[in-house]
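The values are calculated or read from the model by the stated rules, or taken from the named source; none is laboratory data. Since we're looking at a predicted model, the values are computed, not measured. With ideal geometry, Cβ positions are generated from the backbone for all residues, glycine too; neighbour counts draw on all protein chains shown. Side chains included, ligands, DNA and RNA excluded: accessible areas come from the protein's heavy atoms. Shrake-Rupley method; radii C 1.70, N 1.55, O 1.52, S 1.80 Å.
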Amino acid sequence: MKLIGIVGSNAEISYNRKLLQFIQKEFKDLFELELLEIKDVPMFNQDFDQSDSFAVQYIYNKLIRCDGVIIATPEHNHTIPAALKSTLEWLSFKLHPFKNKPVMIMGASYLEQGTSRAQVHLRKILDAPGVQAYVLTGNEFLLGKAKEAFDDMGNIKSAGTVSFLRTCLENFVKYIEVIKPLQEPLPTQPEDLFCTSPIETTITEVDPDDPEWVEKAAEVVGAAEGNDYVRLDHGVLTVNQLDRFLRALPFEVTFADENNQFLYYNHAQNANTMMAPRIPSQSGSRLGTVHPPRTYKNVEYLIANLRAGNQDYFRTIVPGTSKDIINVHHYEAMHHADGSYAGINEVVFNFKPWLDWYLNETGQKLVNATGEVATSVDATSGASSKGHTDVSPEADATSGASAQEAKSANTTINVVDASSGASEK
């Protein structure tokens, strides 16, 4: 379960930040918590709309993809800080990420009351039209005398306080599960599978469907190659090193950008030995040309929901292979620095050797509901709240890619290898 913690102060030193940091490290068994700061969010002014600014978009994109939110607020003059109020204004003006989102309120203050009055005001704000968050009533955590509450390691000293905090957080986790059926998916936009609107990184000088796209596009942009160095997030590699690394992965990996152009796959095998066959001439192609028309609706559904943030990933097991293969396809959204959609990566691999190794190492066996040793793998296992794995796939003999039937809460679709596809057999 993925939660977002909003630090309700723009101060450099904040006991509410310290409280969220303590929760982040102390309660990993309950959820994953990512902290967001509001210090860069501009003061709200509807005459100078900054809904598209990096600071606002970053928080918005994080919130729409999380399962729940914890807001830790200080108390300034009996209410919440102006910086937090301004942030909530931006997130209820044109953007509405809090709608039907479970939210837990807490706060730390210097005095004994522990932000009690600020929390009352914050509850009213979160209930307002345009915000419409779900806040669990009666589940209050107020940390008074914050200066004395923490030790030098940032831990809350009182064991009783930690125990009560755990109870409040456990209640919130249960509340999130109750709220899930009430949440509606965010609206999706029609997907352009033919890349008719170039983006900043589109190489417009070469036709995407040109079978020599890689060679021609590389020449146009003077792409690095061979022993040219590439600076990555945490490393410096030559192009050859990076290429060898990707080809050595025990997975078939593909990437299509936010414009739905299929840009890459790690060509480590020939198509006839791949679990999701692809051929070199497809690199650079429009997704609309590497999928048969009958699959467009399903491919669009998958991409549109990843783009909107309704799902972080789709995952499926493709049947019809030998008993030594569990053909897993994992489609996951990628994101820009501001959290907006940046494309889709697909990882395809045989899960059977990994499963066999784990069972052998741990001395365990798969059993069915009656306790008997299982002879097959359940291909319809559950997923986290932001991913789908409930699937019932079937082979697609037209495109050469795998066809999967993915089920959302109210919809059943046939999903075809959404980030590449292969040539017709």
Name every residue in region 145-176 that is in contact with a Phe, Trp or Tyr (Cβ under 8 Å, 6 or more places away or on another chain) and in a loop (DSSP other than H, G, I, E, B), in order of residue number. K145, G154, N155, K157
For region 276-319, what are the residues that are surrounded by fewer than 17 Cβ atoms within 10 Å (Cβ to Cβ) and of a type in the set (D, E, K, R)? R294, K297
Among the numbered criteria (1) modelled with pLDDT under 95; (2) more than 21 Å from L3 (Cα to Cα), which single criterion is violated by A82? (1)
Name the strands (runs of 3 or more DSSP E) wholly within region 1-94 that hold at least 1 residues that are open to solvent by 40 Å² or more (accessible area, probe 1.4 Å) and without any contact (Cβ under 8 Å) to a residue 60 or more places away in the chain? 32-36
Would you mind telling me which numbered condition in (1) surrounded by fewer than 16 Cβ atoms within 10 Å (Cβ to Cβ); (2) more than 30 Å from G68 (Cα to Cα); (3) modelled with pLDDT of 95 or more T273 fails? (3)
